[in-house]
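S.K.: Handing you a structure now.
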Amino acid sequence: MANNLTIVMYHYVRPLKESRYPDLKALESENFRGQLDYIQRHYTVVNMQDVIAATRGEARLPEQAILLTFDDGYRDHYEHVLPLLVERGVQGSFFPPACAVREGRVLDVNKIHFTLASSTNPQRLIAEIFAVMDAHRNEYGLPGNAECFDAFSRESRYDSADVTFIKRILQKGLPAPMRGPLIDRLFRQFVTNDERDFAAELYMDDTQLRELLDAGMFIGSHGDQHLWLNTLSADEQRSEVETSLEFMGDIGVPQHDWVMCYPYGGYNNALLALLREKGCALGLTVDVGVADLALTDPLCLPRLDTNDLPSSLDVYSVHSAPASDGHQLEA
């Protein structure tokens, strides 16, 4: 019997062409429906509880087992994903960052996505970034703009060199005291001044997450503030994990056999030790691959992006509009 598992990850799933941000790197909801058709013809969708049992040797997975995971707690998942999963009788696993739901804050990663999707020429964004770097170069000892561009602009799986540079320099490349204010400034300039209202449109709320649980879906941890957990101190890692667990408990998620989905795929040995201490059952990375549960550390399970699977709408190729949002840039 097989013990292999395909885990596919989704982020934005929405009627993209009809939306205010048609340039957002999202999966069209009709393509998601078509991909579910393909999955149900070629795979057997399993529950998170099945996977946990299999990693412990308490059960075996069926042939062509697949687990569906949805990162970041988007309202897309409540409006466009949940009805299709319920209709088909399959479980999805959802991973909302606590602060986005509790505090009405738009995550920095989402501010970057929507700034890029605002129909602004990437060259204009790069010019804005360079202007801020010029103003703070001596204060932070920043290298020259051309040197920075060369260091952070290598093309990724789904992005041009310009877009890759913007994502990487804003996610990790600049000193932390510069990054947040610069991201906020670009978001206000090119997207909106009303962050709380935007967050209410973008993320699920407590009531919707409880409805997911009532419908048989699984909810796991995506940290509190969607940070690169492998860059944090031990105390900061503990705060991220414990705050997320408290949030999950408040919405009714059982505190045993919980699952961590690493923001950006970032983890290290210190974090793995903490997760074992806290009774974490599984950890989901953005390492690309199919998991062999007999060999893979349960806290380091690889996943495939939605683009790595075809849709029944086009069984010979992945959708032409990449659905990846750059969360796994540094994986």
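The values are calculated or read from the model by the stated rules, or taken from the named source; none is laboratory data. For clarity, every value in this text was computed on a predicted model and none was experimentally measured. Every residue, glycine among them, receives a Cβ derived from its backbone with ideal geometry; neighbour counts consider all protein chains shown. Quick note on the areas: whole protein, heavy atoms, side chains included, nothing else; ligands and nucleic acids left out. Shrake-Rupley method; radii C 1.70, N 1.55, O 1.52, S 1.80 Å.
S.K.: In 5 Å bins starting at 0, how do the alpha-carbon pair distances of region 101-247 split up by percent?
M.R.: Final binned percentages: 2, 8, 16, 18, 17, 16, 12, 7, 3, 1, 0.
S.K.: On a straight-distance basis, which lysines could pair with residue 167 in a cross-link, Cα separation under 24 angstrom, same-chain partners fewer than 8 positions away excluded?
M.R.: 17, 25, 111
S.K.: Does region 39-181 classify as rounded, prolate or oblate by the C-alpha gyration tensor (a ≥ b ≥ c root eigenvalues; a/c under 1.5 gives rounded; else a/b over b/c gives prolate, otherwise oblate)?
M.R.: Taking the square roots of the gyration eigenvalues as a ≥ b ≥ c, region 39-181 is prolate.
S.K.: Determine the sum of side-chain charges near residue 282: Lys and Arg each +1, Asp and Glu each -1, restricted to other residues whose C-beta is under 13 angstrom from that of residue 282.
M.R.: Result for the local shell: +1.
S.K.: A further question on this structure: From Cα pairs below 8 angstrom and at least 6 apart in sequence, can you work out the relative contact order of the chain, rounded to a whole percent?
M.R.: Here the relative contact order equals 25 percent.
S.K.: Next question. Grab the beta carbon distance between residue 188 and residue 250, set R0 = 45 Å, and tell me the FRET efficiency rounded to 0.05.
M.R.: For residue 188 and residue 250, the calculated efficiency is 0.90.
S.K.: Looking at the square roots a ≥ b ≥ c of the eigenvalues of the Cα gyration tensor of region 11-113, which shape do they give, rounded for a/c under 1.5, prolate if a/b is larger than b/c, or oblate?
M.R.: Here region 11-113 falls in the oblate category.
S.K.: Charges at C-beta only: +1 for Lys and Arg, -1 for Asp and Glu. How large is the resulting dipole of region 83-170 about its Cα centre, in Debye rounded to 20?
M.R.: Charge dipole of region 83-170: 320 debye, to the nearest 20.
S.K.: If each residue of separation counts as 0.36 nm, what is the full-extension length gain between residue 79 and residue 257 once their alpha-carbon separation is subtracted?
M.R.: So the chain would gain 61.4 nm between residue 79 and residue 257.
S.K.: Ignoring ligands, DNA and RNA, what accessible area per residue does the chain give at 1.4 Å, in Å²?
M.R.: Accessible area per residue, the chain: 41 Å².
S.K.: If I take R0 = 30 Å and measure r between the Cβ atoms of residue 63 and residue 214 in this structure, what FRET efficiency does the formula 1/(1 + (r/R0)^6) give, to the nearest 0.05?
M.R.: Using R0 = 30 Å, I get an efficiency of 0.45.
S.K.: Separate question: Taking the highest mean first, how do the peptides 209-220, 81-92 order by number of other beta carbon atoms within 10 angstrom per residue?
M.R.: 209-220, 81-92
S.K.: Helix 122-140 against the longest principal axis of the chain: what's the angle in degrees, Cα atoms only, rounded to the nearest 10?
M.R.: Between helix and principal axis, roughly 70 degrees.
S.K.: For region 42-121, which whole percent of the accessible surface, found with a 1.4 angstrom probe, sits on carbon and sulfur atoms?
M.R.: Using a 1.4 Å probe with all protein chains present, region 42-121 comes out at 41 percent carbon and sulfur.
S.K.: Over region 160-277, what lengths in whole Å, largest first, do the semi-axes of the equivalent ellipsoid take, defined as the square roots of 5 times the eigenvalues of the alpha-carbon gyration tensor?
M.R.: Listed largest to smallest, the semi-axes of region 160-277 are 28, 22, 12 Å.
S.K.: Placing +1 at every Lys and Arg Cβ and -1 at every Asp and Glu Cβ, with all other atoms neutral, what dipole size does the chain have around its Cα centre, in debye to the nearest 20?
M.R.: 340
S.K.: Can you tell me the orientation of helix 234-250 relative to the chain, as the angle in degrees between its alpha-carbon axis and the longest Cα principal axis, to the nearest 10?
M.R.: It is inclined by approximately 50 degrees.
S.K.: Same structure again: What are the extents of the Cα atoms of the chain along their three principal axes, in Å, largest first?
M.R.: For the chain, the Cα spread along each principal axis is 60, 45, 36 Å.
S.K.: Treating the angle as unsigned and between 0 and 90°, give the value, to the nearest 10°, between the Cα long axis of helix 176-190 and the longest Cα principal axis of the chain.
M.R.: 90
S.K.: Still on this structure, please answer the following. Report the residues of region 223-241 in range of a label on residue 270: point 7 Å along Cα→C-beta, backbone N strictly under 16 Å from it.
M.R.: Once the point is set 7 Å along Cα→Cβ of residue 270, 227-241 turn out to lie under 16 Å by backbone N, inside region 223-241.
S.K.: Go through 265, 82, 193 and say which Cα lies farthest out towards the positive end of the charge dipole of the chain; charges sit on Cβ, +1 for Lys and Arg, -1 for Asp and Glu.
M.R.: 265
S.K.: Within region 1-34, list the residues whose amide N lies under 16 Å from a label point set 7 Å along Cα→Cβ of residue 287.
M.R.: 4-8
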